[in-house]
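What follows is calculated from the coordinates using simple rules that are stated; it is not laboratory data. Model, not experiment: these values are computed from the prediction. Cβ: placed from backbone, ideal geometry, glycine included. Neighbour counts: every protein chain shown.
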Amino acid sequence: MKPIRVLTVGMSNAIGGVENFLMACCGHMDQARVQFDFLTRYHDAAYPEKRKEIGRTFVIPLRSENPAKYYREIRAFFEQHAREYDVIWDNECLFNDLTPLKLAAEYGIPVRIAHSHNPQNTDPSLAGRGRGVLHRAQRRGLARYANVLWACSEASARWACPAMDLPFTVIPHPIDADKYCFQEAVRQEVREAYRLTDCLVVCHVGKLQYQKNQAFLLEAFARLHQREPRARLMLVGDGPELLSLEARAVELGVEDEVLFLGHRDDVPRLLQAADLFAMPSRFEGLGMAAVEAQAAGLPCVLSSAFPKAAAITEDVTFLEPEDPDVWAETMLDVLEAAEKRQRPDTKDLIVRAGHDLTDAAERLTRRFEQLVEDKPSFKRRFLLSGPKPAARDVLAERAAESLRQLAAGEGYVLLENAWEKPENWRQQALQWSRLLWAWGKLFFKLHHGDLLLMQYPYVPAQAAPLVRYALHLLQWKGAKTAAYVHDLDSLRHLTDAAARWSDQELLVRFDRVIAHNRRMAAYLTGQGLKEEQLSVLPLQDWICEGDVPERTLELSVCIAGDLTRKRSQYLHQLPRSKVTWHLYGDSWKGKAKRTDMIYHGGKLTALEGAFGLVWEGMQADTVTGASGAYMMLTSPRKLSLYLSEGMPVIVWKWSALAGFVRENGLGLVIDRIGDIPAALAALTPEAYTDMAAAARLWGGRIRRGELTKAALTQLG
């Protein structure tokens, strides 16, 4: 198979995070699958020997030195070489020059990746501020030329593309974790070489520049040294602020206690000699030096500007870079604790966080292959959120949030809903104006081949005619539309003509509709949808971390969700027996005299009970009216919640999922709630063990989002 050819842009003449990242990734990927060339603006670009081993390097002039020559030569380059490449990978901290991406689009490179490596401008100089102005002026047009957004963190992605209208993925920076594993012999060797044998060593690795805030670190270290004379500071790195930092160390009287080691190739060895890593950055994309320090088993004191994802181990403290005395006290506490403990092995944590070089290189290779494979039908994908559910409807909000998480992981751009419930006619007029404005922007944002997935229902049913017309205009442009059905308002509100019109007239306008289950799909087919429009989910996913709990048989039932009388009047008719009822949800106003009913509050985690009950309505002996219609066609979110907790379920025999529960051995099917005590008493431990195992199996799939991911894949 022909290898993928990638044109890599972004190598500068200084050794920094971007350069180290590119050399690590490009140098460790299988060249039989992916091959790299480099386009740089510097004749003296970093790592010349390593680049030569990896691929070709093409040099064009700096735009700031000779704009005419720059534009002439870069256009000539793309005219001659663009057809050789499947991908352009533009790595930048500032997208002040979109020319490489613009010409890549013009000359037909199909996959165009904008990769952002910082969340702010790192250069406070006048020239740097000018580049920052250009970045802000051009970044909103990034999606016109790039079609993929990569970043080291979400903050960095928003810095590059505030509209977030590109498929976005966080790409962890990789390191060779084995090189950082702690070795006592190396530690002693380095400490002896630098006369640090009986010292407490604070280490900092980073370019000596405004972003890294080493001047503040010197202030904090001077105060630390006053408290602990054995303290030493090791500064690893070079940069424009070297001379001023050396002068400041002299002013503070710590010039003999601060080691300025310059740029080094042996950072893993130097970290072995340290006792603490400190980094008071003004801002950070991710902070790879902090990841390397944790790989070496060091405790870290970091600026609060670091993203929380930078904390891989439990030995990370975040502080505001404001008070040097606070930093000095904190560093002293950490150093004293480090003296009394054994250096931990953190390699497994680094691998689990996605930073190990071998795993990261393979993942990146597969990403390139997938992007190139998709290029004939390459499109941007957007997810439009539905209206915010009522405050007490925790299940609905969690289901919507799960879809947002999964869609973001699959490359969807998340779009917020402009609608909020108005309290008077002025707010209503304002909301309608916002809705019109939002759909107007969508019309110009989406292009031919893009996909818009809407969480349905999207807005109040009264707005359905507007949305239907907007969908027509998007489809006229060649964009595809799809709906993920969370609820059918026509079932919730049987007498609401607007809700009925929305479900009957709006859903048929989508190119694809994701329905809850086969019974709902059959119902929608009867409403006018075609079978080829429909994708079917057996259950809605419920994303959460951790393993699915194991359950044992006992006479207890969990009831979670909306506990108000309007939705759950049946709770006041629960039979008195040896069964214990565990209630989870807001607005419970039951009788305190019922000792068999235990209310746990509104938190829907760590549920207690052997079974989860799926029931709604006014009566305990049957489900009628709107609740009955709803349960006969939908897949209740609480069922997914129970299974995600490893809990077998109890469902009404006429509900949409009764057959699914029977077929998969997921629990009991009953006619009325009064049947529950006898059914539980008759259940054998062996039968319950089989049900619990099936619940854990499906619960794991639900927690991982496998069902939704499969439906999103069908959309393309």
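What separates the Cα centres of the stretch 535-564 and the stretch 116-180 is a distance of 39 Å. For Y484, the residues whose modelled amide H falls within less than 5 Å of its own, excluding neighbours fewer than 5 places apart on the same chain, are M454, Q455, Y456, I514. So I have [x] 31.0; [y] 43.2; [z] 37.0, and one of them is mean projected area of the Cα convex hull in nm² calculated from this model. Which one is it? Recomputing mean projected area of the Cα convex hull in nm² here picks out [z].
Normalised size of the stretch 556-706, defined as Cα radius of gyration per 2.2 N^0.38 Å with N residues, equals 0.97. Note on D275, D374: ascending count of other Cβ atoms within 10 Å places them as D374, D275, the fewest first.
Please rank I60, I15, fewest neighbouring Cβ atoms within 10 Å first, as an exposure proxy.
I15, I60
Relative to the longest principal axis of the Cα atoms of the chain, helix 184-193 runs at roughly 30 degrees.
For N517, nonlocal amide neighbours, meaning residues 5 or more places apart or on other chains whose placed amide H falls under 5 Å from its own, are L537. Under the rule a/c < 1.5 gives rounded, and otherwise a/b versus b/c splits prolate from oblate, where does the stretch 379-536 land using the Cα gyration tensor? It is rounded, given that a/c, with a ≥ b ≥ c, falls under 1.5. Looking at the square roots a ≥ b ≥ c of the eigenvalues of the Cα gyration tensor of the stretch 330-383, which shape do they give, rounded for a/c under 1.5, prolate if a/b is larger than b/c, or oblate? It comes out prolate by the Cα gyration axes. For the stretch 560-655, chymotrypsin sites (Phe, Trp or Tyr not before Pro) are listed when DSSP marks them as loop and at most 15 other Cβ atoms sit within 10 Å of their Cβ; the list is W654.
Within the shell defined by Cβ-Cβ distances under 11 Å, the residues around R129 carry a net charge of +1, with Lys and Arg each +1 and Asp and Glu each -1. In terms of surrounding Cβ atoms within a 10 Å radius of their Cβ, H115, H448 rank from fewest to most as H448, H115. Scalar couplings 3J(HN,Hα) for the stretch 614-622, obtained by applying the Karplus form with A = 6.51, B = -1.76, C = 1.60 to θ = phi - 60°, are 10, 7, 8, x, 8, 10, 8, 9, 6 Hz; x denotes Gly and Pro. Between amide H atoms placed 1.01 Å from N, distances below 5 Å from L414 occur with L383, all of them 5 or more places distant or on a separate chain.
How would the stretch 4-170 be classified by its alpha-carbon gyration tensor: rounded, prolate or oblate, with rounded meaning a/c under 1.5 and the a/b versus b/c comparison settling the rest? Rounded shape, in that the Cα axes give a/c under 1.5.
Pull up the cross-link candidates among the lysines for K445, meaning alpha carbon to alpha carbon under 29 Å and not fewer than 8 places away within one chain. K445 reaches K102, K375, K379, K388, K421, K477, K480, K530, K709.
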